[in-house]
Amino acid sequence: MNDQSRKNKIAWEYRAYEFWTQRDGSPQEKTKVILKDPLAALKKHQPYFEKIEGKKIANLCGSNGRKAVPLALLGADVTVFDISEENKRYAMELAEHANTSIQYIVTDIYDIDLDKFGGHFDILYLEGGILHYFSEIDPFMYILFSLLNDEGIMVLSDFHPLRKFVNSQNQSGYFDTELRNGDLAYKHFFEEDEQQDFPDVVVKSYTLSEIINSVISSSFTLKKFDEHRGWKNENIPWEFTILAVK
């Protein structure tokens, strides 16, 4: 585990379970929402997962299980890879209350055992702001390619690189390549007098061309690239989704 990953692990194991409980309710409460319509929990990515019964899916950086559990309920064999024990706790309780099962492996993505999991999965699913936690995108993308079986697919959704510059006073440059400290994603959900105790994460920004070219250079076949509006339908590039095939 490199220094960036060690720092991010410390950050994401600081009060994460408490945050998920505050934002989404207890695992038992969140389960009730998911059970009403598991496919709907996948939101804009529903079309990719309509027929997944029996498929082996890796949900990388799968966080608190809010996507893994719906996938399992839809009949998939789901493995989560994530760096946080706090995230795992919430996810496993979520799966238990949903009366389903997921495998949850706490690890740095760079440290995944490719002897065991190489060529194992039919689908990779990554979403919710992931890439900036990895200082080297090409080795990261190589791992993703290695995890898939032949003709397996990757659904990769992330924050749009232009998002931070639209309607903001962001002072960092679009082409900056340095690692930098940043606020933990959920820090501002807590009281102001508590925020000073939160550890920083260490992140790196990528341009859109760096992301797309890394997918291609890792031997994926890029099948589709979609850009998405803001979460409240703002007319700005907020997220993107890549569909790629091995």
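From the list Asn59, Asn99, the lone residue that is within 28 Å of Val202 (Cβ to Cβ), of a type outside the set (A, V, I, L, M, F, W, C) and at pLDDT 95 or above is Asn59.
The residue that is surrounded by the most Cβ atoms within 10 Å (Cβ to Cβ), counting only those in region 91-118 that are under 17 Å from the mean Cα position of the chain (by Cα) and hydroxyl-bearing (Ser, Thr, Tyr), is Tyr104.
Within the option set Gln46, Gln103, being over 21 Å from Phe134 (Cα atoms) and touching a residue at least 12 places away in the same chain (Cβ under 8 Å) holds for one residue only, Gln103.
Every residue, every condition in (1) out of contact with any helix residue (DSSP H, G or I) (no Cβ under 7 Å at 6 or more places or on another chain); (2) over 23 Å from Asp183 (Cβ atoms); (3) not aromatic (Phe, Trp, Tyr), yes or no:
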| residue | (1), (2), (3) |
| --- | --- |
| Ala98 | no, yes, yes |
| Ile105 | yes, yes, yes |
| Asp113 | yes, yes, yes |
| Phe121 | no, yes, no |
| Leu126 | yes, no, yes |
| Leu131 | no, no, yes |
| Asp138 | no, yes, yes |
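Within region 219-227, is there a residue that is of a type in the set (Gly, Ala, Ser) and on the phi < 0 side of the Ramachandran plot? For region 219-227, residues of a type in the set (Gly, Ala, Ser) and on the phi < 0 side of the Ramachandran plot: absent. Filtering region 207-246 to residues that are assigned to a loop (DSSP other than H, G, I, E, B), buried (at least 17 other Cβ atoms within 10 Å of the Cβ) and among the hydroxyl-bearing types (Ser, Thr, Tyr) leaves only Ser218.
Is it the case that region 173-185 has a residue that's buried (at least 18 other Cβ atoms within 10 Å of the Cβ), touching a residue at least 40 places away in the same chain (Cβ under 8 Å) and not in a loop (DSSP other than H, G, I, E, B)? Looking through region 173-185, none of the residues is buried (at least 18 other Cβ atoms within 10 Å of the Cβ), touching a residue at least 40 places away in the same chain (Cβ under 8 Å) and not in a loop (DSSP other than H, G, I, E, B). Applying the criterion of being of a type in the set (D, E, K, R) and within 20 Å of the chain's Cα centre (by Cα) to the residues of region 191-222, the residue that is modelled with the lowest pLDDT is Lys204. The condition (being in contact with a Phe, Trp or Tyr (Cβ under 8 Å, 6 or more places away or on another chain) and at positive phi) is satisfied by just one residue among Arg23, Arg15, Arg89: Arg15. Filtering Arg66, Arg6, Arg23 for residues that are without any contact (Cβ under 8 Å) to a residue 12 or more places away in the chain, of a type outside the set (Ser, Thr, Tyr) and within 30 Å of Asp197 (Cα to Cα) leaves a single hit, Arg6. I'd like to know if region 40-53 contains one or more residues that are hydroxyl-bearing (Ser, Thr, Tyr) and surrounded by fewer than 22 Cβ atoms within 10 Å (Cβ to Cβ). Yes, region 40-53 contains a residue that is hydroxyl-bearing (Ser, Thr, Tyr) and surrounded by fewer than 22 Cβ atoms within 10 Å (Cβ to Cβ). Kindly check whether there is at least one residue in region 131-143 that is more than 27 Å from Val201 (Cβ to Cβ) and surrounded by 16 or more Cβ atoms within 10 Å (Cβ to Cβ). Checked region 131-143: no residue is more than 27 Å from Val201 (Cβ to Cβ) and surrounded by 16 or more Cβ atoms within 10 Å (Cβ to Cβ).
The values are calculated or read from the model by the stated rules, or taken from the named source; none is laboratory data. Values in this document were obtained by computation on a predicted structure and should not be read as measured data. As a convention, Cβ positions derive from the backbone with ideal geometry for all residues, glycine included, and neighbour counts pool all protein chains shown.
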